[in-house]
1. Exactly one of (1) buried (at least 24 other Cβ atoms within 10 Å of the Cβ); (2) modelled with pLDDT of 90 or more; (3) more than 26 Å from A:L50 (Cα to Cα) is unmet by B:A123. Its number?
2. Scan region B:2-29 residue by residue and report those that are among the β-branched types (V, I, T) and more than 10 Å from chain A (Cβ to nearest Cβ).
3. Sort out which residues of region B:204-215 are surrounded by fewer than 19 Cβ atoms within 10 Å (Cβ to Cβ) and either facing another protein chain (nearest Cβ under 8 Å) or closer than 19 Å to B:V58 by Cα (or both), and write them in order of number.
4. At least 3 residues that are out of contact with any Asp or Glu (no Cβ under 7 Å at 6 or more places or on another chain) and within 9 Å of chain A (Cβ to nearest Cβ) in each: list the helices (runs of 4 or more DSSP H) lying fully within region B:99-184 that qualify.
5. Among the listed residues B:A140, B:A144, identify the single one that is assigned by TED's automatic domain parsing to the domain that holds B:V58, more than 11 Å from B:T33 (Cα to Cα) and surrounded by fewer than 16 Cβ atoms within 10 Å (Cβ to Cβ).
6. In region B:66-94, which residues are buried (at least 24 other Cβ atoms within 10 Å of the Cβ) and in contact (Cβ under 8 Å) with a residue 40 or more places away in the chain?
7. Please enumerate the residues belonging to region B:38-51 that are more than 7 Å from every other protein chain (Cβ to nearest Cβ) and touching a residue at least 24 places away in the same chain (Cβ under 8 Å).
8. Within region B:156-172, is even one residue at pLDDT 95 or above and either at positive phi or polar (S, T, N, Q) (or both)?
Amino acid sequence: MSGVWWAVLATCVGCYALKLAGLSAPRRMLDHPGVQRFAALVPVALLAALIAVQTFAHGQSLHVDWPRTAGLGAAVVALLLRAPFLVVLAAAAVVTAALRWLTA
Amino acid sequence: METTTRSSAIRDGLGVGIAVGLAGLAFGATAVTAGLSVAQACVLSLFAFTGASQFAMVGVVAGGGNLVAGTAGALLLGIRNGLYGLRMADLLGARGRRRFPMAHGVIDETTAVALAQPDRESARTGFLVTFASLYLTWNATTLAGAAGTSWVADPALLGLDVVGPATFLAILWPRLTGGGAETRTPRLIAACGAAVALAATPFTPPGVPVLIAAVAVLAVILRRPR
């Protein structure tokens, strides 16, 4: 079995275990202020880091992929205009594809 | 009265479930663009069933990244669901064996719909309707997106590589906008997280910079007394 399959299975088992742990855990854990701050802020750090890396990193080197960066810019514009989720994703993909096509 | 709140819970659940479920198209496309097989994309949607973690894991594979780091990033994002479970257990009456199938549905969207309902009965209805409609739509569109993309010679030409980061941006956006004091800390944390991850990129294998960013930010949060 390939490494990717192991990662897929570990992600599946782990994600389900985390959901089940929440439903089974003692309620008083929720009263702990550290738990609440952790829950609110860790996803923010992770998501921002993922956006940065997936936009500007290529393996271990950093470079600006202009069509991809412009696509993300289009997503920002769509979000500012309060567009629905799927419109945001479509705007990003269309701008990136158009720029690649124009510069190819 | 009771029937109107229940039918509004059903309406909320179907609306959120189907709209968000369509994003499975983006997940399927991103997964295959990253190099996963159609089967691997579908297994993730069936059994992990939590969008942000799925996109995170696939994103690391796309960068040729360390698979352990990719899995760890997905699980860090999945902790959020555990915390939803803490809040939802009483509301759902998830006790004994019933909690095993119910647990699978405890994610961002189902929690949001359930907590928005005025009473317990409609909260439970909202949860179940959102779970069912989102699960069916998300898995059907994952298959469609993955199978469709596997026929495309070069997905980058369709701009599909930007869908992953754009998805994260759309998830993160409401936390950063709106102004006021409560968005100041998330904005600072988002900026630091992105900066740390980029700074770590040249020195660590792909996938690891994201974890370093999360841990660094976490250390700052926990040290600051509040």
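The values are calculated or read from the model by the stated rules, or taken from the named source; none is laboratory data. Here the structure is a predicted model, which means the values were calculated and not measured. Virtual Cβ from ideal backbone geometry, glycine too; neighbours counted across all protein chains shown.
1. (1)
2. Going residue by residue through region B:2-29, those that are among the β-branched types (V, I, T) are B:3-5, B:10, B:16, B:18, B:20.
Scanning region B:2-29 gives B:T3, B:T4, B:T5, B:I10, B:V16, B:I18.
3. Here is the first cut: in region B:204-215, the ones surrounded by fewer than 19 Cβ atoms within 10 Å (Cβ to Cβ) are B:204-205, B:215.
Residues satisfying the conditions are B:T204, B:P205.
4. Details: elements: B:99-103, B:108-115, B:120-150, B:163-176.
Correct list: B:99-103, B:163-176.
5. Working: B:A140 fails: surrounded by fewer than 16 Cβ atoms within 10 Å (Cβ to Cβ).
Just a single option satisfies the conditions, and that option is B:A144.
6. B:G70, B:G73
7. Step one: list which residues in region B:38-51 are more than 7 Å from every other protein chain (Cβ to nearest Cβ), which gives B:38-39, B:41-42, B:45-46, B:49, B:51.
B:V38, B:A41, B:C42, B:S45, B:L46, B:F49, B:G51, listed by residue number.
8. As a first pass, look at region B:156-172 and keep what is at pLDDT 95 or above: none.
Checking region B:156-172: not a single residue is at pLDDT 95 or above and either at positive phi or polar (S, T, N, Q) (or both).
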